[in-house]
1. Give the residue list of trypsin sites (Lys or Arg not before Pro) in the range A:119-213 that are DSSP loop and have at most 16 other beta-carbon atoms within 10 angstrom.
2. Counting each DSSP H run of 4 or more residues in chain A as -39500 (n - 2.57), what helix-only mean residue ellipticity at 222 nm follows after dividing by all residues, to the nearest 500 deg cm²/dmol?
3. Mind checking the range B:58-164 for trypsin sites (Lys or Arg not before Pro) that DSSP puts in a loop (not H, G, I, E or B) and that have at most 16 other Cβ atoms within 10 Å?
4. Under the Cβ-under-4.7 Å rule, which cysteines of chain B stay unpaired?
5. Using only the alpha-carbon atoms, how far is helix B:132-145 inclined from the longest principal axis of chain B? Give it as 0 to 90 degrees, nearest 10.
6. Pairs of lysines 8 or more apart, or on different chains, with alpha carbons under 24 Å: count those in the protein assembly as shown, would you?
7. Going by a ≥ b ≥ c, the root eigenvalues of the Cα gyration tensor, does the range B:1-41 fall in the rounded group (a/c under 1.5), the prolate group (a/b larger than b/c) or the oblate group?
8. Averaged over its residues, how many other protein chain Cβ atoms are within 10 Å of peptide A:136-149's Cβ atoms?
Amino acid sequence: MTMPVQGVQHGIAPPTLWICEHCDTVFRRRVLACGEVARCARCDAILARHHRVGVRGMLALVLTAMIAFIQGNIWPIVTLGLNGHLISTTLWGCIVMMWNEHAQVVSVIAAMTLFFIPIFKMGLLGWVLLYARKGERAPGFRLAMVTLHRIGPWTMSEVFVLGTLVAIVKAHMYFDVVPNAGIFAYGVLMLIITAFASIDVRELWDLTEERRA
Amino acid sequence: MSGLPRAGDLGLIGCHVCGMVCRDVPGHDVGCPRCGSALHNRKAASYTRCWALLIAAFFFYIPANVLPIMRTVSVGDVDDNTILSGVIELWVKGSPDLAVIVFTASIVVPVLKFFALGLLLISSQRGSGWARRQRAKLYRLVEFIGYWSMLDVFVVALLTALVQFGFFSQVEPLPGVVFFGLTVVITMLASMTFDPRLIWDGRDFDD
Ligand SMILES: [Zn+2]
Ligand SMILES: [Zn+2]
């Protein structure tokens, strides 16, 4: 295999190659057919996949996720039946309650995984995609993309949604508890996150170009 | 198989952060020209760090299972639950499906992660050529399922919140859940510090 020479003087090899992250094998890039997945011949890891949803599709997904997130936070997540009257509580109601009741550690973990990290992540993705739609790199593109890469595995909203289901069933042993609309909005958010997991946002590096000042 | 060129042989480094293919400059710590991240042929001190984190996680996992994770107080009745007794309670009180989910996420997955990472570390350190493709798949599996173990932490958190609204019954988290959360986070860090490329770096490269 011969090496492409263009761009070498800048320390940059052109994007004609894939390097498998899992075993370091080098492959020549090729154009993928619709829905096709390129796999490493040595270790079988995914090198790249073709996406039906383009940048616009991704932006639409992020916007949908944001709407679901807002509703998940506005609407109560559960209704409790206590002594004959019903009490509804939102996510933040729960978080504040836990803080006041000396469960600060759990309260902070909940607030981070369910509120701050998702909002931060959606904001960054939305910002980057808004510009990427026109093939441009947003101001702060580099920082945003590096940050997104670093926080990747630490967003756990889908785990939380399943956790809520288990918690509600468990709580049902002690008193009346009914899941509310808020938790279903989070369910939608969970589905979108799962859809996003298959998209490699690093493609945006190849799809956009540095703006010439 | 040996016909496939590896980045190290061609003097290339792939950037993990942006996927760019860069030229390696031997003896220099180069940054990726596109995203500015540091480039490494292999993750630094992968074996040492991964072993250290794995052992630390294992030490946290013991109190996570022995200590109760949650206390429920009903009328004059105090009940402390460990992870395992919580699973049993779910099973007995009529949700065997959820009991299986929680059991898998809280007990099966962490234990399998300890074994899987230990196996990957030992076999790679020995440069073993045994079942490389399967080991590569095992690593990807460990990476993928790791954070689902957080499930029990969330369950306790939410139950606490839910029941705070009750006047006669109470649920509070106990130290076990903190140890469990730490176990999950540290095993996630351990699987991140392991460099899967080491699986393929053995002495007998032809398979
Ligand atoms: Zn590979
Ligand atoms: Zn880079």
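Throughout, read-outs are computed from the coordinates displayed, never taken from laboratory work. Computed from a prediction, not measured in an experiment: that's the story for all the values here. Every residue, glycine among them, receives a Cβ derived from its backbone with ideal geometry; neighbour counts consider all protein chains shown.
1. Passing both the DSSP loop test and the Cβ count: A:ARG133, A:LYS134, A:ARG211, A:ARG212.
2. On the way: 8 runs with 102 residues, N = 213.
Calculated from helices alone, the mean residue ellipticity at 222 nm is -15000 deg cm²/dmol.
3. Filter output for the range B:58-164: B:LYS93, B:ARG126.
4. Cysteines of chain B left without a disulfide-compatible partner: B:CYS22, B:CYS50.
5. Here the helix axis deviates by roughly 40 degrees.
6. On the way: A:LYS121/A:LYS134; A:LYS170/B:LYS93; B:LYS43/B:LYS113; B:LYS43/B:LYS137; B:LYS113/B:LYS137.
For the protein assembly as shown, qualifying lysine pairs total 5.
7. It comes out oblate by the Cα gyration axes.
8. 2
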